[in-house]
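*Asks:* Below: one structure in structure tokens.
The values are calculated or read from the model by the stated rules, or taken from the named source; none is laboratory data. Since the structure is predicted, the reported quantities are computational estimates derived from the model, not experimental observations. Cβ placement follows ideal geometry from the backbone for every residue including glycine, while neighbour counts extend to all protein chains displayed. Heads up: the accessible areas ignore ligands, DNA and RNA and are worked out on the full protein's heavy atoms, side chains in. Shrake-Rupley method; radii C 1.70, N 1.55, O 1.52, S 1.80 Å.
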Amino acid sequence: MVFRISNSFKSERELSQSVIQVSDMLGMYNAELARLLGQQCGFIGKLSSGQSCLDQKTPVWERAVLFVETYNLLFDYFDGDGVAMYHWMRADNQQLDGTPHFLIVDDGKLGEIHDYLRHAVVNKYRNQ
């Protein structure tokens with residue numbers, strides 16, 4: 001089951017929980033989330049258990065916000081269809097020249113995926 005994440009950028013605890021929820025909904029491993037955020041796996045374990053939170057005004061916070069925003073764009077683009085979202089993340093995309101999941105995790109291209117989805121969502125609603 002997937003759901004849209006509300007504006008969770010107000011508190012460290014909310015954003016931390018949202019990042020873990022998004023990671024779970026996208027079927028990511030803790031190691032993949034750690035790479036996306038530029039952290040160690042142990043940090044993700046503490047984050048998911050509630051022992052630690054993301055710190056505001058850090059690069060990790062900024063990547064976490066972008067990650068949640070990207071997820072919400074994906075959710076909007078596929079109207080909350082979790083299967084379609086999962087498939088899109090793991091299928092080769094010729095326009096992006098790769099698989100979005102691996103582009104985000106392995107190549108550090110979260111910003112590019114975010115921008116691609118933002119334009120896709122804008123065009124989708126413009127054409128309705």
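*Asks:* Name the pairs: first residue in the stretch 69-92 and more than 16 Å from His114 (Cα to Cα), second residue among the hydroxyl-bearing types (Ser, Thr, Tyr), Cβ to Cβ under 7 Å, at least 6 apart or on different chains?
*Replies:* If the second residue must be among the hydroxyl-bearing types (Ser, Thr, Tyr), the pairs left are Ala91/Thr99; Asp92/Thr99.
*Asks:* Can you name every residue in the stretch 40-65 that is crowded, with 19+ Cβ neighbours inside 10 Å and part of a loop (DSSP other than H, G, I, E, B)?
*Replies:* Leu54
*Asks:* Among the residues of the stretch 42-58, is any modelled with pLDDT of 95 or more and in contact with a Leu (Cβ under 6 Å, 6 or more places away or on another chain)?
*Replies:* Taking every residue of the stretch 42-58 in turn, at least one turns out to be modelled with pLDDT of 95 or more and in contact with a Leu (Cβ under 6 Å, 6 or more places away or on another chain).
*Asks:* Assess whether Asn30 counts as being closer than 20 Å to Met1 by Cα and either surrounded by 15 or more Cβ atoms within 10 Å (Cβ to Cβ) or not aliphatic (A, V, I, L, M) (or both).
*Replies:* Details: closer than 20 Å to Met1 by Cα: yes; either surrounded by 15 or more Cβ atoms within 10 Å (Cβ to Cβ) or not aliphatic (A, V, I, L, M) (or both): yes.
Yes.
*Asks:* Here's a check for you: in the stretch 108-128, which residue that is outside any helix (DSSP H, G or I) and within 14 Å of the chain's Cα centre (by Cα) is surrounded by the most Cβ atoms within 10 Å (Cβ to Cβ)? Give the derivation first.
*Replies:* Taking the stretch 108-128 as the starting set, the residues that turn out to be outside any helix (DSSP H, G or I) are 108-109, 127-128.
Applying the additional criterion that residues be within 14 Å of the chain's Cα centre (by Cα) yields 108-109.
Numbers: Gly108: 13, Lys109: 18.
Taking the candidates together, the pick is Lys109.
*Asks:* Got at least one residue in the stretch 95-103 being closer than 24 Å to Met1 by Cβ and surrounded by fewer than 18 Cβ atoms within 10 Å (Cβ to Cβ)?
*Replies:* Here is the first cut: in the stretch 95-103, the ones closer than 24 Å to Met1 by Cβ are 99-101.
Keeping just the survivors that are surrounded by fewer than 18 Cβ atoms within 10 Å (Cβ to Cβ) gives 99.
For the stretch 95-103, residues closer than 24 Å to Met1 by Cβ and surrounded by fewer than 18 Cβ atoms within 10 Å (Cβ to Cβ): present.
*Asks:* Sticking with this one: Which of the residues that make up the stretch 1-24 are open to solvent by less than 30 Å² (accessible area, probe 1.4 Å) and within 22 Å of Asp107 (Cα to Cα)?
*Replies:* Val19, Ile20, Val22, Ser23 - these are the residues of the stretch 1-24 that are open to solvent by less than 30 Å² (accessible area, probe 1.4 Å) and within 22 Å of Asp107 (Cα to Cα).
*Asks:* If I ask for residues that are surrounded by 15 or more Cβ atoms within 10 Å (Cβ to Cβ) and small (Gly, Ala, Ser), which ones from the stretch 66-83 would you list? Reasoning before the result, please.
*Replies:* Start the filter on the stretch 66-83 by keeping residues that are surrounded by 15 or more Cβ atoms within 10 Å (Cβ to Cβ), which leaves 66-78, 82.
Listed by number, the list holds a single entry, Gly82.
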